[in-house]
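Heads up, the thing below is written out as structure tokens.
Readers should treat all values here as calculations from the given coordinates under stated rules, not as data from a laboratory. The shown structure was predicted, so the numbers you read here are calculated from the model rather than taken from an experiment. Positions of Cβ are backbone-derived with ideal geometry, glycine not excepted, and every protein chain shown enters the neighbour counts.
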Amino acid sequence: MERIYLDHASSMPIDPRVVKFAEMYLEGTFGNPSSLHSVGLAARRAVEEARKKIAELINAENETFIIFTSSATEANNLAIKGTALRNIDKGKKVAASAIEHISVLNPMKELQKSGFEFSIIPVDSTGMVDMKKLKELVTTDTTVTSIMYANNEIGTIEPIREISAIVHEKGSYLHVDAAAAAGRIPIDVQKDGIDLLTLSSNDLYGPQGAAALYIKPRLRLQPIMPGGGQERGLRSGTENLFAIAGMGEAAKIAGKEMPRESDRLRAIRDKLIDGIKKIDEAYLTGHPTQRLPHHASFRFSRIEGESILLNMDTMYHIQVSTGSACTSRTLEPSHVLLAIGLKHEEAHGSMVMTLGRSNSMEQIPMVIKAVKGTVQRLRELSPL
């Protein structure tokens, strides 16, 4: 039976073109980018070329404003803690939407222990940030406000330019986690008014173990991992040469192919949504139109998301998710689904499908049939 992988939001396969490009950095070009001899300088050139490719994907001013990290979690921590602590003279308040990734929410909760005030900005039933509450909660003392470009669990795309105008009216900095959005929709940090932006290699079909943080010119950050002073002194540690070079090439491919690929995935997504919504007591979560082109998320009454995931995998060889991979090991319902107003029992019945380059329109009838069979089987077994 053909395997159908529909969990690209949690992990993407490395694009074969990326592997072919970056494999030289596993063997031939292996130097330390900080070394001054020819082998080290070759490695440095590879890092700087990757930096340039990523800057082009998001229209950064130039490549010097891109910092490499080991993960999007690390980039989020550096953006939030680094900005808040370095600019403490501007105020001791931070803010984030209620549906941010846990790697944004937890650093802000840690800042509370150092005397910062943390405000959570609510969202509506589709996951859109409440603009009225944003205006109320962000003040001149708010140093960092973090709003993701698009949510990884429900696919909703936020109006970042409108959010940026509100945040900057108060004089604070806007951090945007774009791990779920980059490569799927156009991002322009200059036109969007973004001060800090997080990107993930694996979410671009690049290697795991690399991510990047865009930092607007003249914005000051405090390092959170001091050491040898790599990455402008903001992120010390020898660079992961293979992963960084691969991330750069993945960003280049994504930027070139995004318009065509997003249109292709959007058509597949819409057919998938139309088919699954016909199942009894199946509901789409997230915004019906302002959502990522590859993202379809649902909730089902009277069954558990974990059971859906396992049944789809074992019975039909289809891999789906039931929320964020970073929080799915807990027994608690998704904080994202609770934030959009679902009850605990409703949030437990979630299923997330995220499409990728390996998916096709021909797979959709098989997927819909599998979901119908799974829902029917689990409801027959459920005591609810």
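So here's what we get for this one:
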quantity: Proxy reagent accessibility, fewest Cβ within 10 Å first, across M366, M247, M1; calculated: M1, M366, M247
quantity: Helix 38-58 axis, angle to the chain major axis (alpha carbon atoms, nearest 10°); calculated: 50
quantity: Sum of side-chain charges, L57 neighbourhood, beta-carbon under 15 Å (Lys, Arg +1; Asp, Glu -1); calculated: -4
quantity: Hits among lysines - C-alpha to C-alpha of K132 under 16 Å, sequence gap 8 or more where chains match; calculated: K170
quantity: Relative contact order computed over the chain (Cα-Cα under 8 Å; 6+ residues apart), in percent; calculated: 23
quantity: Neighbour net charge for S200 - beta-carbon separation under 11 angstrom, K R +1, D E -1; calculated: -3
quantity: The chain: angle of helix 241-276 to the longest principal axis, Cα-based, in degrees nearest 10; calculated: 20
quantity: Segment 184-237: Rg to Rh, with Rh as the Kirkwood radius over Cα pairs; calculated: 1.01
quantity: Pair-distance profile P(r), taking every C-alpha pair of the chain, with 10 angstrom steps and integer %; calculated: 5, 24, 31, 24, 13, 3, 0
quantity: Debye log10 I(q)/I(0) at q = 0.10, 0.13, 0.17 Å⁻¹ for segment 1-125, Cα point scatterers; calculated: -0.54, -0.83, -1.08
quantity: Cβ-Cβ FRET estimate between E56 and R260, R0 fixed at 22 Å, reported to 0.05; calculated: 0.80
quantity: By average C-beta atoms within 10 angstrom, highest first, the peptides 110-120, 308-318; calculated: 308-318, 110-120
quantity: Under 11 Å, Cβ to Cβ, from V123 - net charge with Lys/Arg +1 and Asp/Glu -1; calculated: -3
quantity: With Cα atoms, 0 to 90° folded angle of helix 72-86 axis to the chain main axis; calculated: 50
quantity: Segment 237-372: projected area of the alpha-carbon convex hull, averaged over directions, in nm²; calculated: 10.4
